[in-house]
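Have a look at the structure below before the remarks.
Please treat every number below as a calculation from the coordinates, not as lab data. A quick note: this is a predicted structure, and the numbers were derived from the prediction, not measured. Heads up, the Cβs are rebuilt from the backbone with ideal geometry, glycines too, and the neighbour counts pull from every protein chain shown.
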Amino acid sequence: MTKSLSISNKSVFILVIAGMIFPLVLQAQDNTLEAGLSGGYSYYNGDLVPGAPFVMPKPAFGGVVRYNFGDRWTAKITIIHTKITGDTTKSKPAVQGLNNFNSTINDLSVMGEFNFMKYSTGSKKYKFSPYITAGIGFFSFSTDTINNNVSGNLKSNNFAAIFGLGFKYSLSKRFGLSAEWCMHKTFTDKLDGQIGNSGTKDWFSIADVSVTYKIEFNKKKGCKDLQW
């Protein structure tokens, strides 16, 4: 019971902090809000797949909300639902003595972005930019393991440190497109069901594309060369 309360408090804490920060900055001029959907693929690295990317990828989908502080900095919240899997016969290199697994993940992340170039959705002049992103995520997972036709299940929650890179492009006055690749370094070795085998923590990564719709808070017109 105590453990359940602790996990609940952690998730509530993230939502409360995000809820406190966003209203404080909504009144700032030249700031915009974007919301949309995302879709892509996820993959796992851990005991079965030590380092190779995109081994046995699985679909990932969710939503994203971005709050843009001008044309360089962005704060965002993402929600992702995905699965990861591992097969001892398909691992690179193949491994022995471990279990096959399938894990379902639901992730809530709070992150920041920095645009290397000036960017604004709806601008003709600043219509694209590469960017870097980093933050923290809280996720729940349910892992099924299979060994000699004997199955097991493990459910838990954990945090992850997130970092990645991406590219943004303004599609029109209101719509923006972004492609992103993020690595999630978790603080658990239980994600793949192989508890304590390597002494290292498990990772999962997500490569996806999102389309967002821009909402402006400051209605003043900017320079004409910045308008769509």
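Below is a table of values for the structure above.
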| quantity | calculated |
| --- | --- |
| Over 20 Å between alpha carbons, listed pairs Lys83/Lys190; Lys168/Lys214; Lys127/Lys173; Lys76/Lys155 | Lys76/Lys155 |
| Two-site label geometry, Ser172 and Lys185: point separation in nm, points 7 Å out along Cα→Cβ | 4.1 |
| Proxy reagent accessibility, fewest Cβ within 10 Å first, across Arg174, Arg66 | Arg174, Arg66 |
| Residue order, fewest to most beta carbons within 10 Å, for Phe175, Phe204 | Phe175, Phe204 |
